[in-house]
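To start, the structure itself, in structure tokens.
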Amino acid sequence: MNKFTARIKQISLKISEKIAAFFRPYAIHVRNFCLKIYNLLINNEDRESRRIQTITFGIMLVFIYASISIIVGRNPLAVFRSLPVIDKRVEITIFFPDIDGKTILEEKRKIQLTDNYEVLVREMTEMIVKGSNFENTRLAVPFEGIIRSFWIDKDRCIVDFRLSMLDDAVAIVPGSEEMFKESLARTIKKNIPGIKEVIVMENGIYGRNLWENGN
């Protein structure tokens, strides 16, 4: 406790020294200025003297506030706290294929609210490709997931991907592509109202592989 008290005393002395060192060059000027104002007020006890007194008092308050702000390292203009940022994100459900090629995982994510379904589908696809935040599912989706085109026809959603050629050293998990398509279909139907069917194509052709070894 004594060490703590001594430490506080030491810090207080340092702060006092900084304040004194900051105001010392201005002390004489402030003293002379105050004397001039005092003499002026003594000799002119009227409306004008009260006006000067009020202005002087305000200037001194501003000067003191600005000096203290500079000493403590704070912006003198930051009088009010900044307004809290309103979170306009919405919660959606994303499905991910697991690396066993059989299981589909489910997670909650937050995204910026949008009425553009194409933007939404592209963002959800990117999330599925990157994988789960809690499980290592990246190997289950080894392609970039580049969407060539997207459109909605009544209750049907069509997503057309570009073929990804993988390096021969990349091991493709058996069943991973079907699980990706199923995860994407569940994600779209879960988050876009009215969608009952999702069709995944590759370069405009239904039923083709989205990724292949060959590089």
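When the trypsin sites (Lys or Arg not before Pro) in the range 154-215 are filtered for DSSP coil states and for at most 15 other beta-carbon atoms within 10 Å of their beta-carbon, the remaining sites are Lys154, Arg162, Lys196, Arg208. In this model, which of Lys110/Lys130; Lys130/Lys181; Lys102/Lys196; Lys110/Lys190; Lys110/Lys154; Lys154/Lys189 are farther than 19 Å apart at the alpha-carbon? Distance filter (> 19 Å) returns Lys102/Lys196; Lys110/Lys154. Computed from label points 7 Å out along Cα-Cβ, the spacing between Asn213 and Ile104 is 2.7 nm.
Debye-formula intensities of the range 92-195, expressed as log10 I(q)/I(0) at q = 0.09, 0.17 Å⁻¹, are -0.21, -0.77 (one equal scatterer per alpha-carbon, no solvent). With R₀ set to 35 Å, the beta-carbon distance separating Glu126 from Ile70 gives a calculated FRET efficiency near 0.15.
Values quoted throughout were computed directly from the atomic coordinates according to the rules given, and no laboratory measurement underlies them. On a predicted model such as this, the values are computed, not experimentally measured, just so you know. Here the Cβ is made from the backbone with ideal geometry for all residues, glycine too, and neighbour counts use every protein chain on show.
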